[in-house]
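Presented below is the structure to which this report refers.
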Amino acid sequence: MKIGILQTGKSHQSLLDKFGDYPDLFKTFLDSEDFVFETYPVLEMIFPKSSDECDGWLITGSRHGVYENHEWLPPLREFIKRIYKNKTPLVGICFGHQIIAQALGGVVEKFKGGWCVGATKYKFGDKDVTLNAWHQDQVIVPPANAKTVMTNEFCKFAGLNYDEKIITFQPHPEFNSDYVDGLIENRGRGIVPGSLLVAAKSKLHSSNDNDLLATKILSFFVK
């Protein structure tokens, strides 16, 4: 199965040598002999020719906001609409979660409640899960056809399902604790409130449910 990774952001320069870029994180996260991956750096205006070019699609995270003025955002929103119309499986993570919601009629804003970073608990169906977060923007109003599948008190619409053809998540299941530690040390300082970084640092050794999300996403693509 061929999965197209629509790259909308890049790893911090200090993390590239050890962890690779965002597509590398997802290739590791979704490691399976049944999958091949092709990356399309849409943030550099490199788009697939057709939504049929791959069997499934995944939109990465990004430091950019979906409400910002970048030349690659309008064509990305149009491509999302084509994917949805063609009923091709699509997964969105963090920025991907947000841009899909925006493209299909939802509202995304810089959340007045501030940042969420590090190991965070969510309700995922009937399960309590812990996943790493790194965001300030949120889906404030989901599209009418979106069903909420993951939530917590801070982020009400942390996971959305669109007619079983699109699933999206606000947290980063592709981020392990070492990667979050790198973000804290190299990207968070001066941007994220210090108290939140200290709290996130204290939870680096917490277990997470990344493997559960990987299994869910892999089965979603296959199904």
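Summing Lys, Arg as +1 and Asp, Glu as -1, what charge do residues with Cβ under 14 Å from the Cβ of residue 82 carry, residue 82 excluded?
Working: positive: 49, 77, 81, 85, 87, 165; negative: 52, 53, 78.
Within the 14 Å Cβ shell, the charges total +3.
Plugging the Kirkwood radius over Cα pairs into Stokes-Einstein for the chain, at a temperature of 37 °C and a viscosity of 0.692 mPa s, what D comes out in µm²/s? Present the calculation step by step, with values, prior to reporting the outcome.
Working: Rh = 17.4 Å.
Approximately 189 µm²/s, per Stokes-Einstein.
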Whole angstrom only: what separates the Cα centroid of region 22-92 from the Cα centroid of region 145-223? 18
Along Cα→Cβ, 7 Å out, is where each label goes; now give me the distance between the ones at residue 21 and residue 36 in nm to one decimal. 2.0
If contacts are Cα pairs under 8 angstrom and at least 6 residues apart, what is the relative contact order of the chain in percent? 19
Among 97, 116, 86, which residue has its Cα positioned farthest towards the positive end of the charge dipole of region 1-124, with +1 placed on the Cβ of Lys and Arg, -1 on the Cβ of Asp and Glu, and the dipole taken about the Cα centre? 116
Are there any trypsin sites (Lys or Arg not before Pro) in region 96-202 that are in a DSSP loop and have at most 10 other Cβ atoms within 10 Å? List them by number. 112
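What percent do you get for the relative contact order of region 24-128 when only Cα pairs under 8 Å and 6+ apart count?
Details: 81 pairs, mean separation 26.3, N = 105.
Relative contact order here is 25 percent.
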Burial ordering of 204, 25, fewest other beta-carbon atoms within 10 Å first: 204, 25
How large is Rg/Rh for region 25-78, to two decimals, with Cα atoms and a Kirkwood Rh? 0.99
Radius 12 Å from Cβ of residue 164, net charge of other residues (Lys, Arg +1; Asp, Glu -1): +3
Fewest-first ordering of 206, 11 by Cβ atoms within 10 Å yields 206, 11
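Exposure proxy check: 128, 137 ranked by fewest other beta carbons within 10 Å?
The fewest-first ordering by Cβ neighbours comes to 128, 137.
In the neighborhood of residue 203, defined by Cβ-to-Cβ distances under 11 Å, what is the net charge if each Lys or Arg adds +1 and each Asp or Glu adds -1?
On the way: positive: 121, 201; negative: 181.
So the surrounding residues net to +1.
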Work out how far the C-alpha atoms of region 79-204 reach from end to end along every principal axis, then list the three figures in whole Å, largest first. 43, 29, 23
In debye to the nearest 20, the charge dipole size for the chain, taken about the Cα centre with +1 at each Lys and Arg Cβ and -1 at each Asp and Glu Cβ, equals 660
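Throughout, read-outs are computed from the coordinates displayed, never taken from laboratory work. As the structure is a computational prediction, the values presented were derived from the model and not from experiment. All Cβ positions, even for glycine, are placed from backbone atoms using ideal geometry, and neighbour counts span all protein chains on display.
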